[in-house]
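**Q** My questions will all concern the structure given below.
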Amino acid sequence: QVQLVESGGGLVQPGGSLRLSCAASGGNFRLYTMGWYRQAPGNERDLVASITSRASTNYADSVKGRFTISRDNAKNTVYLQMNSLKVEDTAVYYCNKIPRRPGYWGQGTQVTVSS
């Protein structure tokens, strides 16, 4: 059973940066395509960035050029570097496999962008 633990969220002003981490245990992490998802109140949980086992990346249009996903297979960890943050980036951020597995969701990490 794979367990995912997200961390690194917080309160930041517009234009600021945060780096999120997702630590995985169990399973064969290095083979997984992983994604960062986010959910704002009243919204669906949407995919914002993904990274394959070979480190090929893809981004939602709303974060392209501002967010960078990366992974460290030796540490079983996937990261999301978020720069030039906007108020509309406020959400709980989660990681999961792609396609998402319902039983793999962690507690998420809250990102709040506010002045």
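**Q** Please give the direction-averaged projected area of the C-alpha convex hull for segment 67-115, in square nanometres with one decimal. Write out the running numbers ahead of the final one.
**A** Working: hull surface 17.2 nm².
Taking a quarter of the hull surface, the average projection is 4.3 nm².
**Q** Multiply the residue separation of S62 and Q3 by 0.36 nm, subtract the distance between their alpha-carbon atoms, and state the gained length in nm to one decimal. Write out the running numbers ahead of the final one.
**A** Working: separation 59, 0.36 × 59 = 21.24 nm, distance 2.79 nm.
Separation in residues times 0.36 nm, less the Cα-Cα distance, equals 18.4 nm.
**Q** In whole percent, how big is the carbon plus sulfur part of the accessible area of segment 1-47, probe 1.4 Å, protein atoms only? Numbers along the way, then the final one.
**A** Details: 1160 of 2580 Å².
C and S atoms contribute 45 percent here.
**Q** Within 10 Å, count the other beta carbons around each residue, average over each peptide in 82-90, 100-108, and list them highest first.
**A** 82-90, 100-108
**Q** In segment 72-91, which residues have a backbone nitrogen under 16 Å from the label point lying 7 Å from S17's Cα in the Cα-to-Cβ direction?
**A** The answer is 79-86, whose backbone nitrogens lie closer than 16 Å to the label point.
**Q** Please work out the average accessible area per residue across segment 1-92, using the 1.4 Å probe convention, and give it in Å². Show your work: numbers first, answer last.
**A** On the way: 4860 Å² over 92 residues.
Solvent-accessible surface per residue comes out at 53 Å².
**Q** When you take every Cα atom in the chain, what is the radius of gyration, and what is Dmax, the widest Cα pair distance, in Å?
**A** When restricted to Cα atoms, the chain yields Rg and Dmax of 13.1, 41 Å.
**Q** Taking segment 1-56 as the region of interest, what is the percent of Cα-Cα pairs per 5 angstrom bin, listed from the shortest bin to the one with the maximum distance?
**A** 4, 14, 19, 26, 20, 10, 6, 1
The values are calculated or read from the model by the stated rules, or taken from the named source; none is laboratory data. Keep in mind it's a predicted model, so treat the numbers as computed, not measured. FYI the Cβ positions are ideal-geometry reconstructions off the backbone, even for glycines, and counts take in every protein chain you see. In case anyone asks, the SASA skips ligands and DNA or RNA and just uses the protein heavy atoms, side chains included. Shrake-Rupley method; radii C 1.70, N 1.55, O 1.52, S 1.80 Å.
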